Amino acid sequence: MSRIDTPAAGRMQTIARNPVMIALVMTLAIAGCSTKKNIPGSAGELGLGGAGAATPGSQQDFTVNVGDRIFFDTDSTSVRADAQQTLDRQAQWLAKYPNYAVTVEGHADERGTREYNLALGARRAASTKEYLISRGVPANRLKTISYGKEKPVAVCDDISCWSQNRRAVTVLGGAGM
Amino acid sequence: MIKSSFLRALMVAAGLLAAFVAATPANAVVEININKGNVEPLPIAITDFLQGELGQKISDVVAADLKRSGLFKPIDKGAFIEKISNPDAAPRFEDWKVINAQALVTGRVTQEADGRLKAEFRLWDTFAGSQMTGQQFFTQPENWRRVAHIIADAIYERVTGEKGYFDTRVVYVAESGPKTARKRQLAMMDQDGANARALTNSNDLVLTPRFSPNRQEVTYMSFENNQPRVYLLQLETGQREVVGNFPGMTFSPRFSPDGQRVIMSLQQEGNANIYTMDLRSRTTTRLTSTAAIDTAPSYSPDGSQIAFESDRGGRQQIYVMGADGSGQRRISFGDGSYSTPVWSPRGDLIAFTKQSGGKFSIGVMKTDGSGERILTTGFHNEGPTWAPNGRVLMFFRQNAGAGGPQLYSIDLTGYNEQAVPTQGFASDPAWSPRLE
């Protein structure tokens, strides 16, 4: 994980390329070009809710209507305020559907060395897990795994992608440690 | 695989050929001072070994090795005047001096009655008019590339005074497919990129392979069964086993110099600490105990010290401690963050990855942290590994906009950067030790 030095001139661009904006645009694009009911994973990949016709209590319901992922600041493992809202929804959902165990997958962006990013991803998964526990999710329903920087979802060479890759994804079931 | 029997045969059979001409005079000119940095490469004529196609292939590999080192400049064969018909006889030195070949290599490859290959070569100092060295090797014909590398090592050593590094291999992570669904396999190749082959073939994520000191084993990290752990792979048999029974992710493994221990990080909740496991007794020892990320441990070649990275002080920095975990102290104090320390096989330097100003560099520093030198810098350079003579580093680089990482080598002096050819994308190179 490196510090990203954003030059002053680049700041406008950074704001304009806010990941939420990008995600919204992409969601619309997907909705607009497809007439099929579900695009598995697509909305989930973007971590944003959209009005889905998902069956309540399903994986689809969780990823689309609750939001399966949160994002982190560079080099940071603390749960941001916007992420807390997502995790609060996750905790409520998991309380409603108590049969699910989940795995929190921690990820880092590519601007760091491999070994450190494995640990950083694990730290993000751990802080996410702790937050969910603080919101009443029993610890024995939560596992974690870190993929470091090895599984990016957004691919480009600037912060608009890196900020989407610094994430923790809550996966129903899953296989962590 | 690395057949020790092959090596033994090779070494036992290796013998010095009697010098034809009088011993090298004191005023021999063929000598490279490797410490000087950007040295002028030595013009050398490498003739086709007699006879036939195999002889030519061997001399081509010798020439390619020496050229890639940046210390030699093989002369175009088209410029040669004398045609060597008897590699045992002294050449016509005048013919070689005219084309400015300061050194000359002649050789011969023959098949023994038992099917083995006999390869012999002589290195001549053309200006002194003398033989510098001559050796012969016996091996199975399929090992001809190794013989060529061993000959290149002998020439390199005779001229530079340093051990060569051509008869070595590299383990690495071979990468294929798009970035969002990258397939990674462990692979091994000769240091020049030849003889590449996969060591694993599954969809499990595998990372950070490292050779054992005897080159028979590789320790690495695998996500097999979604349980990210450190593994041990026997190269000859392909047998795999998990190293230790730790209650969490283990990663960033490396062997101790005596090969008896694997040192690695154990992740527990938000913290990573460094442990060793004795491979015989299976006992584990915890070496660090912080609420931080301590990882990338690397032993000093005498096994008495360990370099590692930690963010205990905020950003990642390089620390050194005794092999028992005592005396932990920070040694990197430059601008930016430092990671992946790797102790030089000569013991005098630590190579690292440095992140500063949005760039990733490969550099070296003395083991007390002084004398930092950056060898290469760019969008993303990571994970140095030392050639066994401590003169060359290999690392991986991802350029902005590139589809994936590639391997590069660079001299300790910062000169002679070379792309290392691989089939697809490649990362996490680890250079093998030399077989003594």
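Every number here is computed from the coordinates shown, using simple stated rules; none is lab data. The structure presented is a predicted model; accordingly, all values stated were derived computationally and were not measured. For neighbour counting, all protein chains shown are included, and Cβ atoms are generated from backbone atoms with ideal geometry for every residue, glycine included.
Mean per-residue shielding of peptide B:353-362 is 3, counting Cβ atoms of other chains within 10 Å of each Cβ.
Angle, helix B:52-68 long axis vs. longest principal axis of chain B, Cα atoms, 0 to 90°, nearest 10? The two axes meet at around 50 degrees.
When only alpha carbons of the stretch B:118-226 are considered, Rg and Dmax amount to 19.1, 65 Å. Hey, what angle do you get for helix B:144-160 against the long axis of chain B, alpha-carbon based, 0 to 90 degrees rounded to 10? Result, in degrees: 80. Summing Cβ point charges (Lys, Arg +1; Asp, Glu -1) relative to the Cα centre of the stretch B:317-403 gives a dipole of roughly 160 debye.
Peptide packing for B:262-275, A:110-123 was compared via the average number of neighbouring C-beta atoms within 10 Å per residue; ordered from the highest value, the list is A:110-123, B:262-275. Could you tell me the center-to-center distance, by alpha carbons, between the stretch A:70-101 and the stretch B:273-329 in angstrom? Answer, in whole Å: 33. Using the average count of surrounding beta-carbon atoms within 10 Å as a protection proxy, the listed peptides B:212-223, B:363-374 rank, highest first, as B:212-223, B:363-374.
Relative contact order for the stretch B:204-357: what is it in percent, counting Cα pairs under 8 Å that are at least 6 residues apart?
Details: 395 pairs, mean separation 19.6, N = 154.
The normalised contact order for the stretch B:204-357 reaches 13 percent.
Computed over the Cα atoms of chain B, pair by distinct pair, the Kirkwood hydrodynamic radius stands at 23.1 angstrom. Straight-line cross-link reach from B:Lys97 at under 24 Å between alpha-carbon atoms covers these lysines, not counting any fewer than eight positions away in the same chain: B:Lys67, B:Lys73, B:Lys77, B:Lys83.
Give the angle, between 0 and 90 degrees and rounded to the nearest 10, that separates the Cα long axis of helix B:4-13 from the longest principal axis of the Cα atoms of chain B. Relative to chain B, helix B:4-13 is tipped by roughly 30 degrees. Ranking B:Thr250, B:Ser427, B:Tyr408 by Cα position along the charge dipole of the protein assembly as shown, where only Lys, Arg, Asp and Glu carry charges on their C-beta atoms, puts B:Thr250 farthest toward the positive end.
As a test, work out the antiparallel percent of DSSP beta bridges whose residues both lie in the stretch A:98-177, rounded to the nearest 5. Around 45 percent antiparallel, to the nearest 5.
Thinking of the stretch A:57-177 as a set of Cα atoms, what percent of all their pairs are more than 23 Å apart?
Values: 1723 of 7260 pairs.
Tail of P(r) above 23 Å: 24 percent of Cα pairs.
Where a ≥ b ≥ c are the square roots of the eigenvalues of the C-alpha gyration tensor, would you call the stretch B:182-233 rounded, which needs a/c under 1.5, or, failing that, prolate if a/b is larger than b/c, or oblate? Taking the square roots of the gyration eigenvalues as a ≥ b ≥ c, the stretch B:182-233 is oblate.
Over the C-alpha atoms of the protein assembly as shown, the Rg to Rh ratio, Rh being the Kirkwood estimate, stands at 1.05. Calculated [222 nm] ellipticity per residue, helices only, for chain B: -3500 deg cm²/dmol; basis is -39500 (n - 2.57) per DSSP H run with n ≥ 4, divided by all residues, nearest 500.
Roughly how big is the stretch B:31-157's charge dipole about its Cα centre, with Cβ charges of +1 (Lys, Arg) and -1 (Asp, Glu), in debye to the nearest 20? Don't skip to the answer; put the middle values down first.
Details: 15 positive and 18 negative charges, 39 e Å.
It comes to approximately 180 debye.
Under a Gaussian network description of chain B, with springs only between Cα atoms under 10 Å, the residue in B:Gln191, B:Gln260, B:Gln131 that fluctuates furthest is B:Gln260. Given +1 at the Cβ of Lys and Arg, -1 at the Cβ of Asp and Glu and no other charges, the dipole of chain B around its Cα centre is 600 debye to the nearest 20. Neighbouring Cβ atoms from other chains, within 10 Å of the Cβ of residues in B:266-274, number 5 on average.
Taking amide H positions as modeled 1.01 Å from N, with prolines and chain starts lacking one, no residue 5 or more places away or on another chain lies under 5 Å from B:Arg215.
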